[in-house]
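Only one structure is covered here, and it is reproduced in the block below.
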Amino acid sequence: MPSKLPGVSWTVDHWHELWRFGLRPGSIPAMALALICVFFATVVRIELGRISPDIAAFGPYYSATLVVALAGGAGAASVAAALGGVIAYFFFILPEGSFSQHAAMQIISLSLYGTSSFIIIWAAESHRALLVRLRQDERTRQLLTDELAHRVKNTLAVVQAIINYSVLDQPELRENLGARITALAKTNEILINSQTCATSFEHILRTELEPFDLSRFRLAGPDFICPSKAVVLLVLIFHELATNAAKYGALASETGRVHVSWSRIGEQLEVKWTEVGAGTLNPSTKVGFGSKLLRSAAKQFNGSADLKFEEDGLHCRMVLNVPENELSSPIEGLGGSTIVQGSSFEAVR
């Protein structure tokens, strides 16, 4: 059984679209919206008058003016305010007495209504202008992002072509380098699409770690869909950890390995990164921009990052707090958890 009736669903969808994009100022739909809102405001005023005749005559028309101003622009809102003022005066104020009897009071009420309506329309129009500017900026940013992504792809393609030409006599090396460049391109695609698309946690890991040879990693934990705003954070974190391991840690050694495990309890996501076989490290030389980046990224989700430089490599434990409504259930069909690249694994404690 559907959760919404077709008519209700259509109405809700169009109402959301109306609030998101608005109507063209001065258009027929905008004027129609003004008439509809004034009509409903009048109905509300009539019903309220039956409950208590002393209810302010202009009250419901303020809301009508605000709705029209936000959705239809200043012109339609001015029509709604003027029409609402006329209806309120002639249908709800004059019947209570002649103009001469309460002239001063009626003039004050009309003046207050007109002034308040003007302020409402001005504030709503400023809000609409700001939204238009933000949408234009967003379109510009998206255009620049698409252009940058296109240039990055072209650059990687050129690099790959240069490598293929330079190592023609070394097919194995050419194949390995080409695979890593392709993996880097996939990582860029994740970053570019992260603003609109959610991605599975394991997919982020695999894509980010692939340039460093996945056979040297062991991943263990339940897969799940990450919200789009968390994708960039996770990509940056794992890119920094993998790059650090390739330069100074386990991946810089032929026998080094990296174990990555993660678990979720309620809103808490815990990730452990354990390097094995890195050899002797000098901790004082490793605390720098990378460490600051990891801790700063974790704080964005009210979490923490604990880094320890042990003799066998870096041990990192991160805790990220992500609300339940932004962190989906485990992906169906995965059986709750996934383990790749077998070998013994001990989590950092």
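The values are calculated or read from the model by the stated rules, or taken from the named source; none is laboratory data. Quantities reported herein were computed from a predicted structural model and do not represent experimental measurements. Note: ideal-geometry Cβ built from the backbone for every residue, glycine included; neighbour counts use all protein chains shown.
Can you tell which of Thr115, Thr145 is closer than 30 Å to Lys186 by Cβ, among the β-branched types (Val, Ile, Thr) and in a helix (DSSP H, G or I)?
On inspection, the qualifying residue turns out to be Thr145.
Looking only at the stretch 211-248, count how many residues are closer than 21 Å to Glu270 by Cβ and more than 17 Å from the chain's Cα centre (by Cα). Spell out how you get there, then give the answer.
Initial filter on the stretch 211-248 (closer than 21 Å to Glu270 by Cβ): 217-227, 229-242, 244-245.
Next, only the ones that are more than 17 Å from the chain's Cα centre (by Cα) stay: 217-224, 237-242, 244-245.
Qualifying residue count, the stretch 211-248: 16.
Taking the residues in the stretch 276-288 that are on the phi < 0 side of the Ramachandran plot and not hydroxyl-bearing (Ser, Thr, Tyr) as candidates, determine which candidate is modelled with the highest pLDDT.
First, pick out the residues of the stretch 276-288 that are on the phi < 0 side of the Ramachandran plot: 276, 278, 280-288.
Restricting the remaining residues to those that are not hydroxyl-bearing (Ser, Thr, Tyr) gives 276, 278, 281-283, 286-288.
Numbers: Val276: 90, Ala278: 71, Leu281: 55, Asn282: 53, Pro283: 50, Lys286: 47, Val287: 49, Gly288: 63.
This residue is Val276.
So is Ile163 modelled with pLDDT under 85, farther than 27 Å from Tyr248 by Cβ and in a helix (DSSP H, G or I) or not? Don't jump to the end; show me each part of the working.
Working: modelled with pLDDT under 85: yes; farther than 27 Å from Tyr248 by Cβ: no; in a helix (DSSP H, G or I): yes.
Judged against the criteria, Ile163 is not a match.
I'd like the residue in the stretch 188-234 that is among the small types (Gly, Ala, Ser) and modelled with pLDDT of 85 or more and, out of all such residues, is surrounded by the fewest Cβ atoms within 10 Å (Cβ to Cβ). Give the derivation first.
The first filter runs over the stretch 188-234 and keeps only residues among the small types (Gly, Ala, Ser), leaving 194, 198, 200, 215, 220-221, 228, 230.
Imposing the further condition that a residue be modelled with pLDDT of 85 or more reduces the set to 215, 220-221.
Working: Ser215: 9, Ala220: 18, Gly221: 22.
For the stretch 188-234, the residue satisfying everything is Ser215.
Hey, does the stretch 122-133 have a residue that's assigned by TED's automatic domain parsing to the domain that holds Ala64 and β-branched (Val, Ile, Thr)?
Scanning the stretch 122-133, I find at least one residue that is assigned by TED's automatic domain parsing to the domain that holds Ala64 and β-branched (Val, Ile, Thr), so the answer is yes.
What number of residues in the stretch 254-275 are buried (at least 17 other Cβ atoms within 10 Å of the Cβ) and modelled with pLDDT under 90?
Adding up the residues that qualify gives 3.
I need the helices (runs of 4 or more DSSP H) fully contained in the stretch 14-96, keeping only those with at least 1 residues that are surrounded by fewer than 18 Cβ atoms within 10 Å (Cβ to Cβ), without any contact (Cβ under 8 Å) to a residue 12 or more places away in the chain and of a type outside the set (Asp, Glu).
Passing ranges, in order: 28-51, 74-88.
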